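Undergrad: One structure is given below, represented as structure tokens, and several questions about it will come after.
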Amino acid sequence: MEVAAMTPHTLPAHLARVLPIHSSIGPDGELVVGGCSVPELAREFGTPLYAIDEQGLRDTMRRYREGLSSRWARSRVCFASKSLPCVAAYAVAQQEGLLVDVVGEGELRLALAAGVEPGRLVLHGNAKSEAELRLAKSVGAGLVVVDNPTDIEMLSEIEGGRQDVLLRVLPEIDANTHPSIATGGRGSKFGLTLAQTRETVERLRDHPRIRVRGVHVHIGSQILETAPFVEALRVVAGLGAFDIYNVGGGLGVNYSDDDDAPTIEQYLDAVTAAAREALPATAELLIEPGRSLVSRSGVTLYGVRNVKRSNSTFVAVDGGMSDQINIALTDDRFTAVIAERVAETPDTIAQVVGRQCESGDLLVDRAPLPAPRRGDTVAIAGTGAYGFTFVNNYNGALHPPMVFCLRGEPSVVVRGQSYEDLIAPHAPALEWTRRRPAEDGARRGP
Ligand SMILES: *Cc1c(COP(=O)(O)O)cnc(C)c1O
């Protein structure tokens, strides 16, 4: 019997560890995510496209929630929603029993629109407005995280009962991560010093409008070791006995085969072991994962516009910094696959670059790809977090749509922009140019 050119039917291990949990290879050798053929998604919805493995997202939320509660019974997991601030993700977090972190009135309103119970909301922010605090209190937000003395002044003036708060602590810990996402070092803009925290706890005892329930610490993001989390927990434990200790988020993820992030279980083991040593046995333990909760469930799809061989081989795609600006902010470098030929043996080492006018617009530095060509679909793994968050119109790019993929059914959960949407906010300028004809002597061009 003749053996046809064989298409492998399982994903190579180095791709399986970074692609969404529910990824597989379809009958024609194509990438399948959440049961949906990725080239078909690209055809149906266009590119760039954010695609989420919905079951993978739910699985990860459960893994965190059950993993934490089996190790520390009085505990809750908060979805740090800035990592994927779309109504569908808020709704899934609510359904999976998570609390939801929000910063600012915008995220607060997105969460409420998604049906998140107000009591499950945790309001953060280092520059809250009075309107935000009033809104949070009036809807019944479960916790407000106090960052500074002005938060306290404002909360003191808002009528009504006592608002439950946590005090955000500046632990003076330097986690080994990119400076723009390190938030616990001595010079950080976030939180109160240890001395200020102690003083504030004393001052707010018996306050008529504020009840301090505990302390909060968050040392940064994309942290690839567990020791700094343990250190941070010990710092807040040293502040005394409270009801609630919120030890933040920040666990890193694998973007490529070179990364070796701790697993969620290794992270939970480390944090709860430290809690057993340092926290009162009756205390409630909160964690706030963002990136490690959502990142792996997302792939971003791009169309290849051209393949250029100059001093390097460049695969230029139809998105970039406009939908994935974190590549420039944090130097994250991803894993790319050609969705039509996901398991074919690579023959080209290429730089996968975006279409925006910056050299930092680099999605993958050295991507091994099988004969990339114009019209292919490139899927970038691990882009569920902080891609959509920072979407922008650089070089007139339109915001891509987002689909949640579940058991072969794609559902559009965020509409993409049209060129009308791009131009509409400029309506006042269109009026203005009509009212102001070019002045005498102004150059009108050739
Ligand atoms: C951003 C943020 C998180 C989540 O961080 P990740 O690195 O995405 O897990 C958690 N808590 C606070 C206060 C944050 O600002």
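Undergrad: Looking only at the stretch 277-287, decide whether some residue is touching a residue at least 12 places away in the same chain (Cβ under 8 Å), of a type outside the set (A, V, I, L, M, F, W, C) and either within 16 Å of the ligand (Cβ to nearest atom) or within 22 Å of ASP147 (Cβ to Cβ) (or both).
TA: Yes, because at least one residue in the stretch 277-287 is touching a residue at least 12 places away in the same chain (Cβ under 8 Å), of a type outside the set (A, V, I, L, M, F, W, C) and either within 16 Å of the ligand (Cβ to nearest atom) or within 22 Å of ASP147 (Cβ to Cβ) (or both).
Undergrad: OK, next. Report, by residue number, each residue of the stretch 226-240 that is assigned to a loop (DSSP other than H, G, I, E, B), buried (at least 17 other Cβ atoms within 10 Å of the Cβ) and either away from the ligand (no atom under 16 Å from the Cβ) or modelled with pLDDT under 95 (or both). Explain how you work it out, then say what you get.
TA: Of the stretch 226-240, the ones assigned to a loop (DSSP other than H, G, I, E, B) are 226, 238-240.
Next cut, buried (at least 17 other Cβ atoms within 10 Å of the Cβ) only: 226, 239.
Passing the criteria: only LEU239.
Undergrad: May I pose another question? Which numbered condition in (1) of a type outside the set (Ser, Thr, Tyr); (2) under 25 Å from GLY187 (Cα atoms); (3) away from the ligand (no atom under 16 Å from the Cβ) is the only one that GLN222 fails?
TA: (3)
Undergrad: So which of VAL144, VAL201 is within 14 Å of the ligand (Cβ to nearest atom) and in the same structural domain as GLY238 (by TED's automatic domain parsing)? If you could, list the steps in order and put the result at the bottom.
TA: Working: VAL201 fails: within 14 Å of the ligand (Cβ to nearest atom).
The unique qualifying residue is VAL144.
Undergrad: Kindly indicate whether CYS86 is among the hydrophobic types (A, V, I, L, M, F, W, C), at pLDDT 95 or above and not assigned by TED's automatic domain parsing to the domain that holds ASP164.
TA: Criteria not met by CYS86.
Undergrad: Could you please let me know if GLY115 is within 28 Å of PHE404 (Cα to Cα), among the small types (Gly, Ala, Ser), in the same structural domain as ARG63 (by TED's automatic domain parsing) and touching a Lys or Arg at 6+ places or on another chain (Cβ under 8 Å)? So that I can check it myself, show each step before the final result.
TA: Values: within 28 Å of PHE404 (Cα to Cα): yes; among the small types (Gly, Ala, Ser): yes; in the same structural domain as ARG63 (by TED's automatic domain parsing): yes; touching a Lys or Arg at 6+ places or on another chain (Cβ under 8 Å): no.
For GLY115, the condition - within 28 Å of PHE404 (Cα to Cα), among the small types (Gly, Ala, Ser), in the same structural domain as ARG63 (by TED's automatic domain parsing) and touching a Lys or Arg at 6+ places or on another chain (Cβ under 8 Å) - is not met.
Undergrad: Out of (1) of a type in the set (A, V, I, L, M); (2) outside the structural domain of ILE338 (by TED's automatic domain parsing); (3) buried (at least 21 other Cβ atoms within 10 Å of the Cβ), what's the single condition that is false for ALA278?
TA: Of (1) of a type in the set (A, V, I, L, M); (2) outside the structural domain of ILE338 (by TED's automatic domain parsing); (3) buried (at least 21 other Cβ atoms within 10 Å of the Cβ), only one is false for ALA278: (3).
Undergrad: Another one. Looking only at the stretch 56-82, count every residue that is in contact (Cβ under 8 Å) with a residue 12 or more places away in the chain, among the hydroxyl-bearing types (Ser, Thr, Tyr) and either more than 16 Å from ARG109 (Cα to Cα) or away from the ligand (no atom under 16 Å from the Cβ) (or both) and tell me the total.
TA: Of the residues in the stretch 56-82, 3 are in contact (Cβ under 8 Å) with a residue 12 or more places away in the chain, among the hydroxyl-bearing types (Ser, Thr, Tyr) and either more than 16 Å from ARG109 (Cα to Cα) or away from the ligand (no atom under 16 Å from the Cβ) (or both).
Undergrad: Going through the stretch 241-275 one residue at a time, which ones are assigned to a helix (DSSP H, G or I) and surrounded by fewer than 21 Cβ atoms within 10 Å (Cβ to Cβ)? I'd like the intermediate steps shown before the answer.
TA: If we filter the stretch 241-275 for residues that are assigned to a helix (DSSP H, G or I), which is where we start, we get 264-275.
Within the stretch 241-275, ILE264, GLU265, GLN266, ASP269, ALA270, THR272, ALA273, ALA274 meet the criteria.
Undergrad: I'm trying to understand the selection: among the residues of the stretch 370-381, which are surrounded by 15 or more Cβ atoms within 10 Å (Cβ to Cβ) and either farther than 17 Å from ASP258 by Cα or of a type outside the set (A, V, I, L, M) (or both)? Steps first, please.
TA: Going residue by residue through the stretch 370-381, those that are surrounded by 15 or more Cβ atoms within 10 Å (Cβ to Cβ) are 370, 372, 376-381.
Answer for the stretch 370-381, where residues must be surrounded by 15 or more Cβ atoms within 10 Å (Cβ to Cβ) and either farther than 17 Å from ASP258 by Cα or of a type outside the set (A, V, I, L, M) (or both): PRO370, PRO372, ASP376, THR377, VAL378, ALA379.
Undergrad: Scan the stretch 108-121 and give yes if some residue there is within 17 Å of ARG213 (Cβ to Cβ), surrounded by fewer than 23 Cβ atoms within 10 Å (Cβ to Cβ) and of a type in the set (A, V, I, L, M, F, W, C), otherwise no. Reasoning before the result, please.
TA: The initial filter retains those residues of the stretch 108-121 that are within 17 Å of ARG213 (Cβ to Cβ), namely 118-121.
Add one more test, that the residue is surrounded by fewer than 23 Cβ atoms within 10 Å (Cβ to Cβ), and what stays is 118-120.
Then keep just the ones that are of a type in the set (A, V, I, L, M, F, W, C); that gives none.
No, every residue in the stretch 108-121 fails to be within 17 Å of ARG213 (Cβ to Cβ), surrounded by fewer than 23 Cβ atoms within 10 Å (Cβ to Cβ) and of a type in the set (A, V, I, L, M, F, W, C).
Undergrad: Take the conditions away from the ligand (no atom under 12 Å from the Cβ) and touching a residue at least 24 places away in the same chain (Cβ under 8 Å) and apply them to ASP243. Does it pass?
TA: Working: away from the ligand (no atom under 12 Å from the Cβ): yes; touching a residue at least 24 places away in the same chain (Cβ under 8 Å): yes.
Considered against the rule, which asks whether it is away from the ligand (no atom under 12 Å from the Cβ) and touching a residue at least 24 places away in the same chain (Cβ under 8 Å), ASP243 comes out as yes.
Undergrad: Do the conditions hold for LEU133, that is, is it part of a helix (DSSP H, G or I) and under 22 Å from the mean Cα position of the chain (by Cα)?
TA: Numbers: part of a helix (DSSP H, G or I): yes; under 22 Å from the mean Cα position of the chain (by Cα): no.
For LEU133, the condition - part of a helix (DSSP H, G or I) and under 22 Å from the mean Cα position of the chain (by Cα) - is not met.
Undergrad: Right, something else. Does THR433 count as crowded, with 19+ Cβ neighbours inside 10 Å and of a type in the set (S, T, N, Q)?
TA: On the way: crowded, with 19+ Cβ neighbours inside 10 Å: no; of a type in the set (S, T, N, Q): yes.
Against the criterion (crowded, with 19+ Cβ neighbours inside 10 Å and of a type in the set (S, T, N, Q)), THR433 does not qualify.
Undergrad: Before we move on, is GLY384 in contact with a helix residue (DSSP H, G or I) (Cβ under 6 Å, 6 or more places away or on another chain) and surrounded by 22 or more Cβ atoms within 10 Å (Cβ to Cβ)? Full working, then the answer.
TA: Details: in contact with a helix residue (DSSP H, G or I) (Cβ under 6 Å, 6 or more places away or on another chain): yes; surrounded by 22 or more Cβ atoms within 10 Å (Cβ to Cβ): yes.
Spelling it out, GLY384 is indeed in contact with a helix residue (DSSP H, G or I) (Cβ under 6 Å, 6 or more places away or on another chain) and surrounded by 22 or more Cβ atoms within 10 Å (Cβ to Cβ).
Undergrad: For residues that are of a type in the set (A, V, I, L, M, F, W, C) and under 22 Å from VAL230 (Cβ atoms), scanning just the stretch 176-198, find the one that is farthest from the ligand (Cβ to nearest atom). Explain how you work it out, then say what you get.
TA: Within the stretch 176-198, the subset of a type in the set (A, V, I, L, M, F, W, C) is 181-182, 190, 192, 194-195.
In the following step, the residues that additionally are under 22 Å from VAL230 (Cβ atoms) were identified as 181-182, 190, 192, 194.
On the way: ILE181: 7, ALA182: 11, PHE190: 8, LEU192: 14, LEU194: 18 Å.
Residue satisfying both the conditions and the ranking: LEU194.
Undergrad: Quick one: which residue in ARG198, ARG209, ARG203, ARG168 is of a type in the set (D, E, K, R), modelled with pLDDT of 95 or more and buried (at least 24 other Cβ atoms within 10 Å of the Cβ)?
TA: Numbers: ARG198 fails: buried (at least 24 other Cβ atoms within 10 Å of the Cβ); ARG209 fails: buried (at least 24 other Cβ atoms within 10 Å of the Cβ); ARG203 fails: buried (at least 24 other Cβ atoms within 10 Å of the Cβ).
Exactly one residue qualifies, and that residue is ARG168.
Undergrad: What is the one condition in (1) within 16 Å of the ligand (Cβ to nearest atom); (2) of a type outside the set (A, V, I, L, M, F, W, C); (3) modelled with pLDDT of 95 or more that ARG305 does not satisfy?
TA: (1)
The values are calculated or read from the model by the stated rules, or taken from the named source; none is laboratory data. Values in this document were obtained by computation on a predicted structure and should not be read as measured data. All Cβ positions, glycine included, derive from the backbone under ideal geometry; neighbour counts span all protein chains shown.
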